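Any read-out appearing in this document is the output of simple, stated calculations on the displayed coordinates, not a laboratory observation. The model shown is predicted, which means the values in this text are computed figures rather than measured ones. Here the Cβ positions follow ideal geometry from the backbone for every residue, glycine too, while neighbour counts run over all protein chains shown.
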Amino acid sequence: MPESYDTAMRRLRSIEKKLSKNDNLKREYCEQINNLLKNGYAEPAPNQSTSERLWYLPHFAVTHPQKKKVRLVFDAAARTNGKCLNDALLTGPDLIRSLLGVLVRFRQGRVAVSADIKEMFLRWDINNDALGFNLGLRNTPTEVLETSLPPTKRQVTSAVMSVFDPLGLASPVLITGKCMLQDIWRSGIDWDETIEADAHKKWLKWVNDIKKLASIRIPRCISPGHTEGELHVFVDASEKSYAAAVYWRIKLSEHESAVSLIAGKARVAPLKVISIPRLELQAALLGARLASSILTEIELNVTRKIFWTDSRTVLSWIRSDPRSFKPFVAHRLAELEEHTTVKCWRWVPTKLNVADDATRDPPTHFDETHRWFHGPDFLRKSEDEWPQETVESERPTGGGEIMYDVDTGQ
């Protein structure tokens, strides 16, 4: 590593010059430095020289127009002669927990806590890795959306994309807004041009549905008193969207079970028109990926996993050799084989497929009693009463996706 003292000093002089022109920033910056010294996170550097290898780390302030606090950042990416400290550090594993995993585990047990951790890792004793912090329980409902009329394309885009639902619990309502937004973009209007009358009606209905979400309350704990259960994944598609819903099923007795929605996910169908069987396959892959993510994060014992689809074509594809299909289907079937097995897939009638709720118009009465949150009724009964494949549903079909070898005689 090259000598970085001169580079760090130039950065320091540049910061001092900047602070001399801004008294408020100077006061906040000095306060940050003093807090580091006061809390023991930093100490004054010795005046005497040393023969040990050193790297002088510059720092700078990060400000935000909507936040008063100044954040002090140590710049390990600062380069001297083309080298920086980050280049010499070993890249470790990604230890950041996925938000989906955090929320799924948060719903596992009867008791859950949340805490705000402040100033972590500024000083950390790896030999005595014990953290102490205040515990607090909170459940703060927030406004999902506020609207102004008449909406423009910009306002609709901002509103639809601002709704944050990492578990996809409100997918049947939220996907409608995304489909509406796709139609608005397809119309070709400008950013600040008001939407057309038909889109305006859909907008008003969607806003009303969004506001109703704030009153919905569902149990946080998905497995009270049980450490094992079954994972059931429902997938479906329509011309507008495709979706997946993952449920946790625990047996209460021989003939009774409890079912809870773990997570859902819905996607808008692409602008380029593709066949319904291909969209159904996209839904199957979406469900397989979502289930794999949950299985990676969940800390409960999953006794088995079952995937449900109402598409006979997709079932036929899954039960066939992927190499016999065109690339679009073959590639997705190959990935499905990585996440699932053929025995995992079962057929379900469309009227019993709960994923269908996120591919159609939003339900008229969408509340905590809706089947989207609790799964189909048959999952709460014994397995003898589950849907069985009919002869018609077992009929194989290529759906126009089979590749044929043509002998040209050459």
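What to note about this one:
- Karplus-based coupling profile of segment 38-47, in residue order and whole Hz: 5, 7, x, 7, 9, 9, x, 6, x, 6, with θ = phi - 60° in 6.51 cos²θ - 1.76 cosθ + 1.60 and x standing for Gly or Pro.
- Point-to-point label distance, ASP183-THR303, nm (Cα→Cβ direction, 7 Å offset): 4.5 nm
- Rounded to the nearest 10 degrees, the angle from helix 153-162 to the longest Cα principal axis of the chain is 90 degrees.
- Computed [θ] at 222 nm, helices only, for the chain once each DSSP H run of length n ≥ 4 contributes -39500 (n - 2.57): -10000 deg cm²/dmol
- Extension gain, THR341 back to GLU193 (0.36 nm per residue minus Cα-Cα distance, nm): 48.3 nm
- Among the GluC sites (Glu not before Pro) found in segment 238-275, those both in a DSSP coil and sparsely packed, with 14 or fewer other Cβ atoms within 10 Å of their Cβ, are GLU239, GLU254.
- With a simple spin-label model that places each label point 7 Å from the Cα along the Cα-to-Cβ direction, the separation between GLN388 and SER162 comes to 5.4 nm.
- Förster radius 35 Å - calculated FRET efficiency between ARG154 and LYS212 (Cβ-Cβ, nearest 0.05): 0.90
- Phi angles of segment 303-314 translate, via the Karplus equation with coefficients 6.51, -1.76, 1.60 and θ = phi - 60°, into HN-Hα couplings of 6, 6, 10, 10, 10, 10, 9, 9, 8, 5, 5, 5 Hz per residue; Gly and Pro are given as x.
- Of the trypsin sites (Lys or Arg not before Pro) found in segment 297-370, the ones in coil according to DSSP and having at most 13 other Cβ atoms within 10 Å of their Cβ are ARG319.
- Residues whose amide H comes within less than 5 Å of that of PHE307, counting only those at least five positions distant or on another chain, are VAL233, TRP345, ARG346 (H built at 1.01 Å from N in the peptide plane).
- Taking a sphere under 9 Å around the Cβ of GLU230 and counting the other residues whose Cβ falls inside, with K and R at +1 and D and E at -1, yields a net charge of +3.
- Label zone of ASP87 (point 7 Å out along Cα→Cβ, amide N under 14 Å): in segment 1-25 this covers 1-4.
- Positive minus negative residues near PRO65 (Lys, Arg vs Asp, Glu; Cβ under 15 Å): +3
- Between SER49 and ARG97, the FRET efficiency estimated from the beta carbon spacing at R0 = 35 angstrom works out to 0.20.
- Using alpha-carbon coordinates, inclination of helix 197-213 to the longest axis of the chain, degrees: 70 degrees
- Of all DSSP beta bridges confined to segment 226-385, the antiparallel ones make up roughly 65%.
- Amide hydrogen neighbours beyond the local backbone of SER241, cut-off 5 Å, H modeled: ALA269
- Alpha-carbon centroids, segment 197-244 and segment 313-341: separation in whole Å: 28 Å
- Here is the list for segment 174-206: chymotrypsin sites (Phe, Trp or Tyr not before Pro) lying in DSSP coil, each with at most 15 other C-beta atoms within 10 angstrom of its C-beta, are TRP191.
- Backbone N within segment 343-374 under 12 Å of label point (7 Å from ARG380 Cα along the Cβ vector): 369-374
- Summarising the label geometry, the points placed 7 Å from Cα in the beta-carbon direction at ASN39 and ASN24 lie 2.3 nm from one another.
- Neighbour net charge for ALA112 - beta-carbon separation under 10 angstrom, K R +1, D E -1: +4
- Where only alpha carbons of segment 4-87 are counted, the Rg and the Dmax (Å): 14.2, 45
- The C-alpha atoms of the chain define a longest principal axis, and helix 171-187 lies at about 80 degrees to it.
- Dipole-positive endmost among PRO44, VAL70, ASN34 within segment 25-78 (Cβ charges, Cα centre): VAL70
- Residues whose placed amide H lies under 5 Å from that of ALA263, excluding near-sequence neighbours: VAL246
- Residues LYS251, LYS272 arranged by fewest to most Cβ contacts within 10 Å: LYS272, LYS251
- Dipole magnitude of the chain about its Cα centre (Cβ charges: Lys, Arg +1; Asp, Glu -1), debye to nearest 20: 1400 debye
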